[in-house]
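Worksheet for the structure shown next.
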Amino acid sequence: MCGISAVFAYRPEAPPVDRDEVAAITQRMFPRGPDAGGTWFSENGRVGLGSRRLAIIDLSPDGIQPMTDTSGNFVIVFNGEIYNHRDLRKRLERNGATFRTHSDTEVLLEMFKHDGPSMVDLLRGMYAFAIWDKRAERMFVARDPYGIKPLYIADDGRTVRIASQVKALLAGGKISRAADPAGVAGFFVTGSVPEPFTTYAAIHAVEAGNCFFIDRDGPANAFCHYSIANIYRRAHLQQEPVATLVEPATLLREFVTESLAYHLFADVPVGAFLSAGIDSTTLVALMTAERHEPPRTITLSFEEFRGREQDEAPLASRFAAEIGAPHTSRIVTREEFLADMPRFFDQMDQPTIDGTNTWFVSKAAAEQGLKVAISGLGGDELFGSYPSFRELPRIVRLARVPLATRILRNPKAKSIARYGQNLAGAYLVKRGLFMPEELHSVLPEDVAREGLQRLDIAQRIRNVIDVDPGTDFGRIATLESALYMRNQLLRDTDWASMAHSLEVRTPLVDAFLLRQLAPLLIVGGSKTKDYFAASARPPLPDYLRNRRKTGFSVPLKEWLDLPPDGTTTRMRSWARHVFERVGR
Amino acid sequence: MKILLLCTDAYGGHGGIALFNRELISALAELPECEQIVVVPRVIVHEREPIPDHVQFVFAAARGRFSYMRALMGVLRETRFDLVICGHVNLLPLARLTGQAPLLITHGIEAWKPLRDPLSNRLIHHVRGVVSVSALTRDRFLSWSHFAGETFVLPNAIRADRYGVRSKNVDLVARYKTFGKRVLLTLGRIVAAERYKGFDEVLEVLPELDPNIVYMIAGHGSDVDRLARKAADLGVVDRTIFTGFIEEREKADLYNLADVYVMPSRGEGFGFVFLEAMACGVPVIASCHDGGREALLAGELGTLVDPSNLAAIRVAIADALQHGKRQIPDGLAFFAFERFSERVHEIVRRVSADGRQLR
């Protein structure tokens, strides 16, 4: 886990790479990698690479980046973890490769030499990396299928700059800070900035599951190496009886345990976030079975939630005690929140209405000496347990009944009539923070207009399921995974955990796991969550299985005395608050 | 010791279960303390193989359901058995007629989820022990049945002397037009219910492999037409060979025709075909998510792939073609008949010492 940077002056007329700029970009990511850092510059001064390292696998200095291969022709900077690197290493060794280190970084280097860009098809993990190929004078850039690890790019037509954070790129001092209305509008419409936009016109996200080369002509067209929609579509079209060969709970236990086994590989202790929900408790139960001992677990607790159903701490503590896990129930107070806010907003890379929960649970984990924690993130998208899986088809049906929406009191009723004719539009209604036509209340008229035009949010959502996943379950799972999870949950988890030098691993957000489970998910639909709960040995206790889903929330409304905004959570007010501090 | 084996098929049977039963009977016949073995088969479809000397094979049982019961009752009237072996979960209700707790054998998918017959689901808790052809099958069986008794893993046996590395049979090369080609082979029943074998996945990666590589799908069944259409849709119809039914006597030559045996399956209880291919020195690619994993000793004897990962299948094939050696792996001795026989004897002695009557 690291922060990486790359600067490539690809046009002859571009000035050579400024070493101070690379150093400044890299240094801005210090919390992402406090264990070591380094830079590398090509002899001709056209390429600079930088890295901050959080040592998790191969703690020796051998794993330090930027890393050069034995021939001296390939140099890599890499952020993330390749969980199947030992399998890949064995294969490369059978094919004649030799290794100097035990790190996954070196495996990536050798794979690129052996397989070229098709290497990405074999990687199980979370990653963003850039490999400089000296002989071909080009750089290969790739990002993981789900976008767990971030990567941003700024191309001025002569020089391309890449980094793990937007704020790091800005710290180099050579990129315009002019705002991008599309990114700003996207934040208010969705609560996070949708890829590929950022709030800066000069900076874009490298989209999840994409890879591309950069040569003397600049960045080539990216090619997408993984499509969630395609996975569901294939499972739907195959109509294979695979999913029914084995008991669903057994199949889930086997595949999730396999994913966990890969995600647990580390040379440092691995803990776990624990709530009272099915996903984290089942994962902790499976981890305990896999490792024959329970992991250290962390739960957040808030005075404001005491005695209410949002308070997950008592049940989480009870479960931890039952399985014998060393457990921390960390109380977060309003005073602590207010004291942390300046650092919180400084570390928030792009404006978002989420991330507070992950910030504090990561802080608590780091206080316990953990460098790595397992999270149940992604379970709702995988097992179809968000309300959206039930409600989106209802919204579509409602929108198709003439005049039906006029009698609704819901503030989004008009939007249902306008957008809800299909699942993508219904998704906008369901997940939208401000509807597009409401943006004039938070942004200047011209910014809102230009932003919405370029953002084209309705079309952007439709594009996600342009390849039809085949079933409503597949469509909604794809929308949730490729939009909400990618742009909000995963991005927030990255910056909020990295702020505390904690690596969060998400075994349920795994490209291999989705391929394995897709046939079962298509057949089982939202019942799969029950199967998952039953997959633990022994099965989860009833007090967890029968608990109503609440979500992992933080009492922001109470802490900040947010003004009423028409929502129960007052997220619209919080969005304005965030934008004042991060978006401008 | 007198042993009764109720089985679906054995001598005159076709396929993996029949073969397993024949080897089991041979192993039982070598057990010094065994004085009599009576085998009651459900079906006989082919010409019978030679039957060991002191094995009584009840032909009359294979004429139908009532004949089976009648034959079984007749056997039970004549002999009191020390051990009853139930060769398939579907025969559990009939095994109950013996009045003894049988030793149950599970072969694969039939035991991976609850049985359709509620009576059988109850009867599994009254068996003397459960023998599974793989740890995977045992674990999947235990996960739903919660069987609390003793379990044993008894992998299939291979008689390597019946196979061996041979040069390509010129008649087969001519018949299948594989001269100068590199051949991928999968052998199995080609029916919709067994799509889990991975024919589709290999076909799907074929367009990305060297054009000189052909895919031979050996076996017969009702799903051939669909696969042929798929091959046409993928543009590899001229690189796909459907052999039809393969005679047992041609199998060794067929394996020797292959450069790689590939079966990225999801439903093999064990995967005897992998042992056969390895016994012919053919590099093998199996699945890491079914019993094939154990046939390859967790990857020691060949390459394991995730059957849902087409890229991994493609790379494994390319690597096997580039680096695979035509040699019989030393580790195949783990599955030699002698080892199988030892395991059978150990299991029989163990359960006999712990014998009990049916509750």
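The values are calculated or read from the model by the stated rules, or taken from the named source; none is laboratory data. The shown structure was predicted, so the numbers you read here are calculated from the model rather than taken from an experiment. Positions of Cβ are generated from backbone atoms using ideal geometry, with glycine treated the same way; all protein chains shown enter the neighbour counts. The accessibility values were calculated without ligands, DNA or RNA, using every heavy atom of the protein model including side chains. Shrake-Rupley method; radii C 1.70, N 1.55, O 1.52, S 1.80 Å.
Any residue in segment B:71-82 that is away from chain A (no Cβ under 14 Å) and hydroxyl-bearing (Ser, Thr, Tyr)? Yes: one or more hits. Of the residues in segment A:209-216, not one is more than 10 Å from every other protein chain (Cβ to nearest Cβ) and more than 30 Å from A:Arg138 (Cβ to Cβ).
Screening A:Val582, A:Val509 for residues that are in contact with a Phe, Trp or Tyr (Cβ under 8 Å, 6 or more places away or on another chain), farther than 23 Å from A:Gly183 by Cβ and more than 14 Å from chain B (Cβ to nearest Cβ) leaves exactly one candidate, A:Val509.
For segment A:215-238, the candidate set comprises residues that are open to solvent by less than 20 Å² (accessible area, probe 1.4 Å) and in contact with a Ser or Thr (Cβ under 7 Å, 6 or more places away or on another chain); within that set, the residue that is farthest from B:Asn309 (Cα to Cα) is A:Ala229. Any chance segment B:302-310 includes a residue that's over 23 Å from A:Arg253 (Cα atoms) and more than 10 Å from chain A (Cβ to nearest Cβ)? Within segment B:302-310, one or more residues are over 23 Å from A:Arg253 (Cα atoms) and more than 10 Å from chain A (Cβ to nearest Cβ).
Among the residues here, B:Phe334 does not qualify as part of a helix (DSSP H, G or I), more than 12 Å from chain A (Cβ to nearest Cβ) and open to solvent by less than 10 Å² (accessible area, probe 1.4 Å). Exactly one condition in (1) assigned to a helix (DSSP H, G or I); (2) closer than 24 Å to A:Met571 by Cβ; (3) among the aliphatic types (A, V, I, L, M) is not met by A:Ala289; state its number. Only one criterion is unmet by A:Ala289, namely (2). Checked against the criterion of being at the interface with another protein chain (Cβ under 9 Å from one of its Cβ atoms) and in contact (Cβ under 8 Å) with a residue 60 or more places away in the chain, the candidates A:Ala243, A:Ala229, A:Ala249 yield just one match: A:Ala249.
Yes or no: A:Ala536 surrounded by 22 or more Cβ atoms within 10 Å (Cβ to Cβ), out of contact with any Phe, Trp or Tyr (no Cβ under 7 Å at 6 or more places or on another chain) and among the aliphatic types (A, V, I, L, M)?
Working: surrounded by 22 or more Cβ atoms within 10 Å (Cβ to Cβ): yes; out of contact with any Phe, Trp or Tyr (no Cβ under 7 Å at 6 or more places or on another chain): yes; among the aliphatic types (A, V, I, L, M): yes.
So A:Ala536 fits the description; yes.
Is it the case that some residue within segment A:524-539 is at positive phi and within 27 Å of the chain's Cα centre (by Cα)? Scanning segment A:524-539, I find at least one residue that is at positive phi and within 27 Å of the chain's Cα centre (by Cα), so the answer is yes. Where helices (runs of 4 or more DSSP H) sit wholly within segment A:455-552, those with at least 2 residues that are hydroxyl-bearing (Ser, Thr, Tyr) and either over 25 Å from A:Met571 (Cα atoms) or modelled with pLDDT under 95 (or both) occupy A:528-535.
Would you confirm whether or not segment A:105-114 contains a residue that is touching a strand residue (DSSP E or B) at 6+ places or on another chain (Cβ under 7 Å) and within 13 Å of chain B (Cβ to nearest Cβ)?
Looking through segment A:105-114, none of the residues is touching a strand residue (DSSP E or B) at 6+ places or on another chain (Cβ under 7 Å) and within 13 Å of chain B (Cβ to nearest Cβ).
Here are A:Glu391, A:Glu335, A:Glu309: which of them is surrounded by fewer than 18 Cβ atoms within 10 Å (Cβ to Cβ), assigned to a loop (DSSP other than H, G, I, E, B) and among the charged types (D, E, K, R)? Only one candidate qualifies: A:Glu309.
Assess whether A:Phe41 counts as being over 25 Å from A:Met498 (Cβ atoms), open to solvent by 30 Å² or more (accessible area, probe 1.4 Å) and free of Cβ contacts under 8 Å to residues at least 40 places away in the same chain. So A:Phe41 passes the test.
Against the definition (open to solvent by less than 50 Å² (accessible area, probe 1.4 Å), in contact (Cβ under 8 Å) with a residue 24 or more places away in the chain, in a helix (DSSP H, G or I) and not aromatic (Phe, Trp, Tyr)), how does A:Leu300 come out, yes or no? When the stated conditions are applied, A:Leu300 does not pass them. Of the helices (runs of 4 or more DSSP H) that lie entirely inside segment B:1-105, those containing 3 or more residues that are under 22 Å from B:Ala157 (Cβ atoms) and open to solvent by less than 30 Å² (accessible area, probe 1.4 Å) span B:16-29.
May I ask you to verify whether B:Gly99 is at positive phi and in contact with a strand residue (DSSP E or B) (Cβ under 9 Å, 6 or more places away or on another chain)? Answer is yes for this residue. Every condition in (1) open to solvent by less than 20 Å² (accessible area, probe 1.4 Å); (2) at pLDDT below 95; (3) not aromatic (Phe, Trp, Tyr) is met by B:Ala192 except one, and the failing one is (1). Exactly one residue out of A:Ala426, A:Ala448, A:Ala373 is aliphatic (A, V, I, L, M), open to solvent by less than 40 Å² (accessible area, probe 1.4 Å), in contact with a Ser or Thr (Cβ under 8 Å, 6 or more places away or on another chain) and not in a loop (DSSP other than H, G, I, E, B): that is A:Ala373. Selection of first residues in segment A:168-187 that are polar (S, T, N, Q) and of second residues that are surrounded by 21 or more Cβ atoms within 10 Å (Cβ to Cβ) and at pLDDT 95 or above, restricted to Cβ pairs under 8 Å at least 6 apart or on distinct chains, gives the following pairs, ordered by first then second residue: A:Ser176/A:Tyr200. Beta carbons closer than 9 Å, at least 6 apart along the sequence or on distinct chains, pair a first residue in segment A:252-265 that is more than 11 Å from every other protein chain (Cβ to nearest Cβ) and farther than 15 Å from A:Val284 by Cβ with a second that is among the basic types (Lys, Arg) and open to solvent by less than 10 Å² (accessible area, probe 1.4 Å) for A:Tyr262/A:Arg124. Restricting attention to segment A:126-162, the residues being in a strand (DSSP E or B) and either open to solvent by less than 20 Å² (accessible area, probe 1.4 Å) or within 17 Å of A:Gly3 (Cβ to Cβ) (or both) number 20. Residues that are in contact with a Phe, Trp or Tyr (Cβ under 9 Å, 6 or more places away or on another chain) and within 14 Å of chain B (Cβ to nearest Cβ) within segment A:88-104 comprise A:Arg89, A:Leu92, A:Glu93, listed in sequence order.
Within segment A:57-79, the residues that satisfy the criterion of being among the hydrophobic types (A, V, I, L, M, F, W, C), assigned to a loop (DSSP other than H, G, I, E, B) and surrounded by 18 or more Cβ atoms within 10 Å (Cβ to Cβ) are A:Ile57, A:Ile64.
The residues of segment B:192-210 that are in a helix (DSSP H, G or I) and away from every other protein chain (no Cβ under 12 Å), listed by number, are B:Val202, B:Leu203, B:Leu206, B:Pro207. Among the conditions (1) under 24 Å from the mean Cα position of the chain (by Cα); (2) under 23 Å from B:Phe20 (Cα atoms); (3) away from chain A (no Cβ under 14 Å), B:Thr106 misses just one, which is (3). Among the conditions (1) open to solvent by 10 Å² or more (accessible area, probe 1.4 Å); (2) at pLDDT below 95; (3) more than 30 Å from B:His323 (Cβ to Cβ), A:Tyr10 misses just one, which is (2).
Given B:Arg326, B:Arg343, which one is surrounded by fewer than 21 Cβ atoms within 10 Å (Cβ to Cβ), in contact with a Leu (Cβ under 8 Å, 6 or more places away or on another chain) and away from chain A (no Cβ under 14 Å)? One residue alone meets the criteria, B:Arg343.
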